[in-house]
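The values are calculated or read from the model by the stated rules, or taken from the named source; none is laboratory data. What you see is a predicted model, and the numbers here were worked out from it, not measured in a lab. Neighbour counts are summed over all protein chains in view; Cβ atoms, including those assigned to glycine, are modelled from backbone coordinates with ideal geometry. Just so you know, the surface numbers come from the protein's heavy atoms only, side chains and all, with ligands and any DNA or RNA stripped out. Shrake-Rupley method; radii C 1.70, N 1.55, O 1.52, S 1.80 Å.
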Amino acid sequence: QALPVLFKHWLQNEEVEEGGTAVLRCELMKPDAPVEWRKGDTVLQPSDKYEIRQEGTRVELFIYDAEAQDA
């Protein structure tokens, strides 16, 4: 049975002006662990709005053209 993946560093709040790009980052204890980014119950998928990058233990979510409803 696999051990749970733990965060080395938790997400930090990010403020960005409307129309800007918000970047959320976290660091995991286990490299290349599967990560899902969610807003409420919705799983975010890569698109023109969202870019998801994962390299080793570092995971990033880019939110382009940020709007108030992205909070």
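Which numbered condition trips up Val5, out of (1) open to solvent by less than 80 Å² (accessible area, probe 1.4 Å); (2) at pLDDT 90 or above?
Exception for Val5: condition (2).
Would you point out the residue of segment 29-51, among those that are part of a strand (DSSP E or B) and farther than 19 Å from Asn13 by Cβ, that is farthest from the chain's Cα centre (by Cα)? Break it down stepwise before answering.
Here is the first cut: in segment 29-51, the residues part of a strand (DSSP E or B) are 38-39, 42-43, 50-51.
Checking which are farther than 19 Å from Asn13 by Cβ leaves us with 42-43, 51.
Working: Thr42: 13, Val43: 11, Glu51: 9 Å.
Restricting to residues being part of a strand (DSSP E or B) and farther than 19 Å from Asn13 by Cβ, the top hit is Thr42.
Please verify whether segment 9-17 includes one or more residues that are modelled with pLDDT of 90 or more and assigned to a loop (DSSP other than H, G, I, E, B). First the steps, then the outcome.
Within segment 9-17, the subset modelled with pLDDT of 90 or more is 16-17.
Remaining after also requiring assigned to a loop (DSSP other than H, G, I, E, B): 16-17.
Checking segment 9-17: at least one residue is modelled with pLDDT of 90 or more and assigned to a loop (DSSP other than H, G, I, E, B).
Checking Glu55 against (1) open to solvent by less than 100 Å² (accessible area, probe 1.4 Å); (2) at pLDDT 90 or above; (3) farther than 17 Å from Ala71 by Cα: exactly one of these is not met. Which one?
Here Glu55 meets the rest and fails (1).
Restricting attention to segment 54-70, which residues are under 19 Å from Gly40 (Cα atoms), in contact with a strand residue (DSSP E or B) (Cβ under 9 Å, 6 or more places away or on another chain) and in a loop (DSSP other than H, G, I, E, B)?
Tyr64, Ala66, listed by residue number.
Tell me which residues, restricted to segment 9-46, are more than 11 Å from Leu61 (Cα to Cα), surrounded by 10 or more Cβ atoms within 10 Å (Cβ to Cβ) and out of contact with any Gly (no Cβ under 8 Å at 6 or more places or on another chain). Before the answer, list the steps.
The initial filter retains those residues of segment 9-46 that are more than 11 Å from Leu61 (Cα to Cα), namely 9-10, 12-20, 27-34, 39-43.
Those left that are additionally surrounded by 10 or more Cβ atoms within 10 Å (Cβ to Cβ): 9, 14, 16, 20, 27-33, 39.
Within segment 9-46, His9, Glu14, Val16, Gly20, Glu27, Leu28, Met29, Lys30, Ala33, Lys39 meet the criteria.
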